[in-house]
Amino acid sequence: MKKTAMPFCLVVLLVCTLPFPAFAEGKIIGKVKGLRGLVSILRDGKTKPAFPNDRIYQSDILLTGSDGAVGILLEDNTLISMGPISRVSMDKYTFAPATNEYAMRLNMGHGTFVYQSGLLGKLAPHAVELNTPVGRISMLKEETNFKARFAEHAQ
Amino acid sequence: MNWNSVMVLAAVILIAGCGSKENFVVLSPANDGSVGSLQVATDKGSEILSEDGKAIFIDDLNSVPSPQLPINRADTQLIFQDALRVHPLMPESFILYFHINSNDLTDESKKIIVNILAAIKKRESKDISVIGHTDRTGSDEYNRKLSLERAQLVFNILSSEKVTSEDMTIIYHGEGNPLVPTADNMAEPRNRRVEVMVR
């Protein structure tokens, strides 16, 4: 028993000292900038309230309450904001100009959305995939900006 | 049933027949009034949206999207006003230039500091990158050090103007990331710079 105790302690110590971004799912893709009312982030099955300057990770889901609204800034300068009772899931995001790798897949749920293209929409509009409850939006031109509303019951 | 109620009934049927207008996509014009172009695809078909002031309406995934139809601008503004109120400002980048082989800002660039401070204030930004660069005169090692000194100088200027140090990140590239590509040992004033990115 004494023999195994020491390595176990070491492992615990190692795991505890690992910085958070070392985890694969911990890819930072943007930040919360503007915020009003109640906004939540659903991450790893847990919901927590969002605040200005909070980091957004790949796979996060953002939700706004009936008085909520949130504006986010992604790494490539894409700006997305949404009004009350809205939902977006940040399914996939890669912005690596140095290696020419671009990907963005967002799942817009119900709600009101304002989408402003950043560098991804300029350098690789074809790499932007936007799923909505009523269909798929794809960019045909660089720097395409739009607004969209999707009703709650549409599926 | 009088004629009026027949008309009302016909109008109701006509509107209902057009399907719901709850789901739609509309383009936002850029500052110069230009718009992009996108495609909306359901399981039954797709349509292209390419004109300002028009929208594509979609009933559901199993319907064909509408062609682009005119939409009332004031109504649209109202629908998106809550989102627009929190929509972030696009990040802004400033470039400050230096005299050759030194960490002295050019007089022109000293005047830009006030614009940087305004951009930080407007965004209440806690996300400011100060990125140092040099031209290709001198050794790699020397230039790495010089680019750090230049970034540090801009960092200090911003600090003295009450920008919180924790909100700024210093990055330095030496001669490795020129704005204007040149051969080695070429003097190029446009490469002797510090970029300040306010997000």
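The values are calculated or read from the model by the stated rules, or taken from the named source; none is laboratory data. Note that this is a predicted model, so its numbers are computed, not measured. All Cβ positions, glycine included, derive from the backbone under ideal geometry; neighbour counts span all protein chains shown.
Per-structure values
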read-out: The stretch B:70-94 - residue that is in contact (Cβ under 8 Å) with a residue 12 or more places away in the chain, of a type outside the set (Ser, Thr, Tyr) and surrounded by 14 or more Cβ atoms within 10 Å (Cβ to Cβ) and, of those, farthest from the other protein chains (Cβ to nearest Cβ); value: B:94
read-out: Matching residues in the stretch B:23-65 - criterion: being in contact (Cβ under 8 Å) with a residue 24 or more places away in the chain, within 17 Å of residue A:134 (Cβ to Cβ), part of a loop (DSSP other than H, G, I, E, B) and in contact with a strand residue (DSSP E or B) (Cβ under 8 Å, 6 or more places away or on another chain); value: B:23, B:58, B:65
read-out: Lone qualifier among B:2, B:62, B:31 - being out of contact with any Gly (no Cβ under 8 Å at 6 or more places or on another chain) and modelled with pLDDT of 95 or more; value: B:62
read-out: Enumeration of residues in the stretch B:166-187 that are polar (S, T, N, Q) and closer than 15 Å to residue B:198 by Cβ; value: B:169
read-out: Of all residues in the stretch A:68-105 being within 9 Å of chain B (Cβ to nearest Cβ) and assigned to a loop (DSSP other than H, G, I, E, B), the one that is farthest from residue B:82 (Cα to Cα); value: A:77
read-out: Single condition residue B:127 does not satisfy, out of (1) closer than 30 Å to residue A:64 by Cα; (2) out of contact with any helix residue (DSSP H, G or I) (no Cβ under 8 Å at 6 or more places or on another chain); value: (2)
read-out: Some residue of the stretch B:158-167 being modelled with pLDDT of 95 or more, in contact with a strand residue (DSSP E or B) (Cβ under 6 Å, 6 or more places away or on another chain) and of a type in the set (Asp, Glu); value: yes
read-out: Flag if residue B:185 is assigned to a loop (DSSP other than H, G, I, E, B), in contact (Cβ under 8 Å) with a residue 40 or more places away in the chain, surrounded by fewer than 21 Cβ atoms within 10 Å (Cβ to Cβ) and in contact with a Leu (Cβ under 8 Å, 6 or more places away or on another chain); value: no
read-out: Within the stretch A:120-135, considering residues that are touching a Ser or Thr at 6+ places or on another chain (Cβ under 8 Å) and of a type outside the set (Val, Ile, Thr), the one farthest from the other protein chains (Cβ to nearest Cβ); value: A:120
read-out: Selection count where residues are more than 7 Å from chain A (Cβ to nearest Cβ) and out of contact with any Phe, Trp or Tyr (no Cβ under 6 Å at 6 or more places or on another chain), scope the stretch B:38-69; value: 19
read-out: Residue list for the stretch A:136-155, restricted to those being more than 8 Å from every other protein chain (Cβ to nearest Cβ) and closer than 19 Å to residue A:71 by Cβ; value: none
read-out: Where residue A:62 falls short, out of the listed (1) under 21 Å from residue B:36 (Cα atoms); (2) in a strand (DSSP E or B); value: (1)
read-out: Residue match in the stretch B:127-141 (condition: free of Cβ contacts under 8 Å to residues at least 40 places away in the same chain, part of a helix (DSSP H, G or I) and more than 29 Å from residue A:33 (Cα to Cα)); value: yes
